Amino acid sequence: MSEPSSPAWPPAPIRTERLVLRESEARDRPACVELFSSPEVNTYLGGPRPRDECERTLPPTPERRPGLFVVECDGTMIGTVELRRREIRAGESAIGYLFLPAAWGRGYAAEACTAALGWYAAALPAEPVALYTQSANTRSMRLAAKLGFTEAERFHKWGAEQWKGVRTPPA
Ligand SMILES: CC(C)(COP(=O)(O)OP(=O)(O)OC[C@H]1O[C@@H](n2cnc3c(N)ncnc32)[C@H](O)[C@@H]1OP(=O)(O)O)[C@@H](O)C(=O)NCCC(=O)NCCS
């Protein structure tokens, strides 16, 4: 039997010790506005979007798409993890993450990414996953190393050094 091209979507909510990974809901909208307009969150992502623009333009239920998980802690959204094949790079699978500053420094991002990578590997066991981040983004670089990503490439884009890591699931 051949491997599926991507995991079935949406999966049942994924529960970890402290978190739930699920699709977005209308009640996540304020946290999404905060995520996109926060200067801290967007320091290495091209800068924040104006808050009033986010308030005006975000749909009533924040965008849902395959591979995009809202991460919930104690009933409230604290960030997102996205893991899917990206058309932009020849169908490469890649992970990305955004967490609200109040949730940093507690291991939540590592816990959520580990769960998402496990979900992905269960459907696509041999699929390597890429991770792109600015090399100056030290929190993100530490997280990438913790998750088992190793350096594949460094390159300059958007006026900064970008780092590409790759993680191949254990055989
Ligand atoms: C990148 C980002 C997700 C990292 O978040 P983070 O909270 O630092 O990452 P982790 O979940 O790995 O947490 C690690 C920290 O939690 C601490 N921690 C506390 N309790 C912990 C626990 N129970 N388990 C594990 N770590 C714990 C660790 O000691 C570590 O602390 P340190 O930062 O002082 O070294 C976050 O900074 C972010 O969202 N940045 C903005 C978006 C962005 O730049 N994304 C990158 C583009 S893909």
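I need the full set of residues from the stretch 98-126 which are more than 16 Å from the ligand (Cβ to nearest atom) and within 14 Å of the chain's Cα centre (by Cα), in order please. Once the filter is applied, which keeps residues that are more than 16 Å from the ligand (Cβ to nearest atom) and within 14 Å of the chain's Cα centre (by Cα), the stretch 98-126 yields only 119.
Here is a yes/no grid of residues against (1) loosely packed, with under 14 Cβ neighbours inside 10 Å; (2) in contact with an Asp or Glu (Cβ under 9 Å, 6 or more places away or on another chain); (3) of a type in the set (Lys, Arg):
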| residue | (1), (2), (3) |
| --- | --- |
| 103 | no, no, no |
| 112 | no, no, no |
| 120 | no, yes, no |
| 145 | yes, no, no |
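If I filter the stretch 127-139 down to residues being touching a residue at least 40 places away in the same chain (Cβ under 8 Å) and closer than 20 Å to residue 168 by Cβ, which single residue comes out as nearest to the ligand (Cβ to nearest atom)? Only one residue fits best here, namely 133.
Among the residues of this structure, residue 69 does not count as one that is near the ligand (Cβ under 9 Å from one of its atoms), of a type outside the set (A, V, I, L, M) and under 12 Å from the mean Cα position of the chain (by Cα).
Of all the numbered requirements in (1) touching a residue at least 40 places away in the same chain (Cβ under 8 Å); (2) of a type in the set (S, T, N, Q); (3) farther than 27 Å from residue 139 by Cβ, residue 16 misses one, and that requirement is (3).
Being over 14 Å from residue 17 (Cα atoms) and in contact (Cβ under 8 Å) with a residue 12 or more places away in the chain is the filter here, so list the residues in the stretch 103-117 that pass it. Listed by number, the residues that qualify are 103, 104, 117. Within the stretch 147-161, the set of residues being touching a Ser or Thr at 6+ places or on another chain (Cβ under 7 Å) and surrounded by 15 or more Cβ atoms within 10 Å (Cβ to Cβ) comprises just one member, 147. Residue 89 meets the conditions (1) surrounded by fewer than 20 Cβ atoms within 10 Å (Cβ to Cβ); (2) modelled with pLDDT of 95 or more in every case but one. The failed one is (2). Confirm whether residue 81 is of a type outside the set (Phe, Trp, Tyr), touching a Cys at 6+ places or on another chain (Cβ under 6 Å) and within 21 Å of residue 117 (Cβ to Cβ). Spelling it out, residue 81 is indeed of a type outside the set (Phe, Trp, Tyr), touching a Cys at 6+ places or on another chain (Cβ under 6 Å) and within 21 Å of residue 117 (Cβ to Cβ).
The values are calculated or read from the model by the stated rules, or taken from the named source; none is laboratory data. None of these values were measured; they are calculated from a predicted model. Glycine gets a Cβ as well: all are built from the backbone with ideal geometry, and neighbour counts include every protein chain shown.
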